Amino acid sequence: MSEADEAVQIYELKDARPSPDPIHPYPSSLKGIPLVIDNGSYHCRVGWATDKEPRIVFRNCYAKHRKDRGKKTAAETEILVANDINNIEAVRFQLKSPHDENVITHFEAQETMFDYTFSHLGIDTPQVSHPVILTEAFCNPNYSRQLMSELLFECYGIPSVTYCVDGLLSYHRNNLKNPNGLLINIGNYTTHITPILEGYADFMNSRRIRMGGLHLTKFLWRWLQLRFPQHLNAITLSRAEEIIHNHMYISEDYMDEISRWTDVNYYEKFVKKIQLPFVAAPISTVSVEQQRERRKEAAKRLVELNARKREEKLMEDEAELKHLMELEEALEEFTPDEPEYQHALEEAEVNSPQELTKKISVLQQKIEKTRQKMLQASSAAAATEEEEPRPKKLCEDLSPKKRADLEQWVEGVKQQWREIQARRAARRQKRQEMAKRRTAASQERMRIISQLARREKKDDNFGMRDEDWDVYKAINKEGGGSDSEEENEKLQELETALRQHSPEFLGDATTSKPTSIAENYQIHLSTEQIRIGELLFQPYMYGLEQGGITATIQYVLGLFDADTQSKLVSNVFLTGGPAFLPGFKSRIERELLAMRPFQSHFNVSLAKNPVLDPWYGARDAAVDLVKVGITKEDYQEQGGDRIKHHNLGNKYWVPLTPVATESAPGSAVPSKETTPAPEAALVSDAARTEGISEASAV
């Protein structure tokens, strides 16, 4: 595709709908096979350790059915989980998730998700007799892990559970030979910068940024709604996600590329047009002859209807006239004093015989007029059917003198049209000048307003302060007048005449091209293509007072000596869903080149599959991970928050509150450390809860 074709290409939104997950078979050969669950805050991926791909991938959320929203008991409600929700935008504000950011806190929702998972895997036994390998948040709080272990052991009766970190799983799957490196893991809610030394994560020197894929989606969603308010309802979070996945990228030099977008030619070349769905008006397939025939038939039916109404009215009037004439003849036989005489006048709705005679005369004249109208209508209809419509005389049929007069008249109409357009352009220019603070027109108007508003004889300093400009903007509604209705009507009248006698004039005079209905439902992506990804490097654009990825990398590297820094930057590994954005790896390389010493070496690598590599890593290491898992006996003896330390998971942090119980002699021995680090007991409560302290801007 050429650049010209690509510049004018219009991208359609797919609006893909999820299909319900099938219930997989559960053969006896799966007994005892470890179950791998990548329990992410955005997507949950589930499969057996013997599978090549996850069997179930679904959104980690659920909602009640529309008809059950008012019901409270679980027995009365129908739960729609993940892919069972056909239209997620219809229940967007009723969605419930087990996660609070990236930490699981809502365990009733987590139980619902586990029920959905095990039922669709086909597990039909009362208990889940499979070791479970489950991912958790980096530096997951002890209370969250304790409640998760309680749910798995007490509710589902699993034999053992191994907790892992998704970023570490992805790192070790792609870096089997390099034990040192710097892990950059971008999740749905957070981004973690983790040093890895000798194959183990350095938790104390890791840092977290509260910026992830969901923030990018929400920022783009609100940005497009504010930029295109006419499409407020059509721009949804799901469509914002689709736009990010297909049309966003990360610029190597953000400020330089932003300046390029100010060039009109650059804008026209690289802008992307997204077509929103719309319902087009039905196109009429009726020809001009058919329309003429239909109008003729409609007119004929209208004439027949009016004739029928006249006939009915004539019959009513004739019947009333006959009744009144009979009544007049009957009155001659009675005297005015008799009761029958008065009753006859009341029946005719008159007070005297003279009024009765007058009413009869008026009714006779009315009947005569109606008969004449009916006769004229019938003769006119007959003449219309016999005569053919006369064609209108064209301008070519005019004589030379009349043609010259017509041309002179058209030229006069054009001149009037130009004068109105010139007055409108002058008013627009004046409004633009008065909208600017430093122009002579706006300053003059401010001076006049200050003179009118001044009540006391003091020095006039209005306009010298910024507050005065705010007042001026508040009262400056029109800024130079507006177009009057009389002028608009005159302009429409002139354009109608020009369309009939000189249509080419309007085609040359107007610069705006006629737009189709589809163009009215398009959004244009310009700087948004790079602005969204830039939030990862400049979170202050989102409103977060934190350093971005670049500042955090520099801060983390500053915590180590020069030799350790060289080891870390020799293997910078990128993973996580948003890491798929084009240009992300190049941007990290450029930032490292700027911050590292001259002629120093570094290497940046991207995960083969940033989304599924955590599940693949847990599947590949399933046998070894089951060995370092927590059994039900360990759970009962040591508590639910206790874990065995290994290079793919978190480290157990000793609570600050002293624990009375002593560890059992046969407790699990960590694969690297036999006891928790001494400094772990000194970690602050915030560090234990969040796992890491916030990164400071450098």
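The values are calculated or read from the model by the stated rules, or taken from the named source; none is laboratory data. Since we're looking at a predicted model, the values are computed, not measured. All Cβ positions, even for glycine, are placed from backbone atoms using ideal geometry, and neighbour counts span all protein chains on display. Only protein heavy atoms, including side chains, enter the accessible area calculation; ligands, DNA and RNA are left aside. Shrake-Rupley method; radii C 1.70, N 1.55, O 1.52, S 1.80 Å.
Ranked from largest to smallest solvent-accessible area, with a 1.4 Å probe on the protein heavy atoms, 31, 651, 64 come out as 31, 64, 651. Residues whose amide H falls under 5 Å from that of residue 58, counting only those 5 or more places apart or on a different chain, are 44, with hydrogens built in the peptide plane. Packing order of peptides 551-563, 86-98, highest average first: 551-563, 86-98 (average count of other Cβ atoms within 10 Å over each peptide's residues).
Converting phi to 3J(HN,Hα) with the Karplus coefficients 6.51, -1.76 and 1.60 and the offset θ = phi - 60°, region 421-429 yields 5, 5, 5, 5, 4, 5, 5, 4, 5 Hz in sequence order, with x at every glycine or proline. Couplings 3J(HN,Hα) for region 120-135, derived from phi with the Karplus relation 6.51 cos²θ - 1.76 cosθ + 1.60 (θ = phi - 60°), are 7, 7, x, 6, 10, 8, x, 10, 8, 8, 9, x, 10, 10, 10, 8 Hz, where x marks Gly and Pro.
Calculated translational diffusion coefficient of region 510-622 (25 °C, 0.890 mPa s; Stokes-Einstein with Kirkwood radius over alpha-carbon pairs) equals 141 µm²/s. Express in % the proportion of alpha carbon pairs of region 239-322 at distances exceeding 18 Å. Result: 75 percent of Cα pairs exceed 18 Å. Quarter the surface of the alpha carbon convex hull of region 137-187 and you get the mean projected area, 4.8 square nanometres.
Based on every Cα atom in region 155-228, Rg and the maximum pairwise Cα distance Dmax equal 17.3, 55 Å.
Under 5 Å from the amide H of residue 162 lie the amide H atoms of 132, 133, 134, 630, each residue being 5 or more positions distant or on a separate chain, with H modelled from the backbone and absent for Pro and chain starts. For region 191-200, 3J(HN,Hα) computed residue by residue from phi via the Karplus equation (6.51, -1.76, 1.60; θ = phi - 60°) reads 10, 10, 10, 10, x, 10, 10, 6, x, 10 Hz, glycine and proline entered as x.
Per the Kirkwood formula on distinct C-alpha pairs, the Rh of region 161-317 is how many angstrom? Intermediate values should be presented prior to the final figure.
Working: mean 1/r = 0.0433 Å⁻¹.
One decimal place: 23.1 Å for the Kirkwood radius.
Ranked by the mean number of other Cβ atoms within 10 Å of their residues, highest first, the peptides 622-633, 309-320, 487-498 fall in the order 622-633, 487-498, 309-320.
Along its three principal directions, the equivalent ellipsoid of region 282-364 from the Cα gyration tensor extends over semi-axes of 52, 10, 9 Å, largest first. A Förster distance of 30 Å, applied to the separation of the beta-carbon atoms of residue 24 and residue 93, puts the FRET efficiency at 0.40.
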